[in-house]
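Before any comments, here is the structure.
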Amino acid sequence: MSEFLFTTHDGAVIRGLDEGAGPALLCVSGLGGAASFWDPCAAELLRDWRLLRLDQRGIGASSRGQAPCSVELLAHDCLALLDDRGVDSCIVAGHSTGGCIAQAMALAAPQRVRAMALSGSWAKPDRYLHELFTMRLSLLGESPRAYASSSAFLSYEPAWLDAHWDAYERLVATAPTDPTAQAVVRERMHALLRFDQSARLSALTCPTLVVGARDDLIVPPHLQASLAQFLPGARLVLLERGGHFFPVTRSAEFLAVLRGWLTGVVPGAAPAR
């Protein structure tokens, strides 16, 4: 594993990972922002891809920087990562918040995004997301532990969580209890509620896969269907189960869909196994 640091224009120091060989695949995680979200998928992807990941600003080993947080800023951090690693273009796989970041990357620099796989993401916030995020923001301020606990129950498929209480314990143990950590989560949520580039998505021509889960309580399947409609020629796949964190709880199913799609859109991509 090659770990590296790069500095953004506003002074954020970002930790990235650059592993493997082959076509470049940038994996961008969700609200939690940690590169480790993709650990359950990494070994399989590394068979055929150069896998790039990052801890997003203010998360994990990455510092916050000075610029006001926006989805567009997070997208420019990802483009800066590509610059640092000498990658002209790549495929972007973004989960949840990462899917919004991928959209912003493609809109800002379409020549650098060869294809997008958007999982558990959306085109614009509707009332469901507004009400859910309002509730979560309230929990964050009143009880960080309850915020982290509820995140586990909302994100993981119940049967999977019941067999992996260690994942629950890790979320609760890392609850954003200090004001700095809470501010990072809060500003990220507000940035997501402001993000709406749906009117521009029809201009994107890169191949796009939209993946969701029918039991996702954070980004329900109707938001996946809406996102796919905004993107010309997008392929929509809905898994029957998996919760919001289906790349973790149903990683084999998710990877089969992702690899099968990549085979069709990226020359030289390995077939699904």
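Throughout, read-outs are computed from the coordinates displayed, never taken from laboratory work. Just so we're clear, the structure is a prediction, and the values are computed from it rather than from any experiment. Ideal geometry is used to build each Cβ from the backbone, glycine not excepted, and the neighbour counts take in all protein chains shown.
Taken one residue at a time, the phi angles of region 28-33 give Karplus couplings (6.51, -1.76, 1.60, θ = phi - 60°) of 10, 8, x, 4, x, x Hz. Gly and Pro are set to x.
In a simple Cβ point-charge model (Lys, Arg +1; Asp, Glu -1; nothing else charged), region 1-86 has a dipole of about 80 debye relative to its Cα centre. If R0 is taken as 30 Å, the Cβ-Cβ distance between residue 131 and residue 178 corresponds to a FRET efficiency of 0.65.
Can you tell me the FRET efficiency between residue 142 and residue 2 if r is taken as the Cβ-Cβ distance and R0 is 35 Å, rounded to the nearest 0.05?
Plugging the Cβ-Cβ distance into 1/(1 + (r/R0)^6) gives 0.25.
Ranked by the mean number of other Cβ atoms within 10 Å per residue, highest first, peptides 135-145, 224-234 order as 224-234, 135-145.
When its C-alpha radius of gyration is set against 2.2 N^0.38 Å (N residues), region 158-273 gives a value of 1.28.
Dipole check for the chain: with +1 at the C-beta of Lys and Arg, -1 at the C-beta of Asp and Glu, and the Cα centre as origin, the magnitude is about 480 Debye. With Cβ to Cβ distances under 14 Å as the rule, what net charge do the other residues near residue 217 carry (K, R +1; D, E -1)? Summing Lys/Arg as +1 and Asp/Glu as -1 gives -1. Among beta bridges identified by DSSP and lying wholly in the chain, the antiparallel ones come to about 30 percent. Taking each DSSP H run with n ≥ 4 as -39500 (n - 2.57) and averaging over every residue of the chain yields -13500 deg cm²/dmol at 222 nm. Please give the FRET efficiency for residue 190 paired with residue 13, using the beta carbon to beta carbon distance and R0 = 22 Å, rounded to the nearest 0.05. According to the calculation, E is roughly 0.40.
Largest first, the three principal axis extents of the alpha carbons in the chain are 50, 43, 38 Å in whole numbers.
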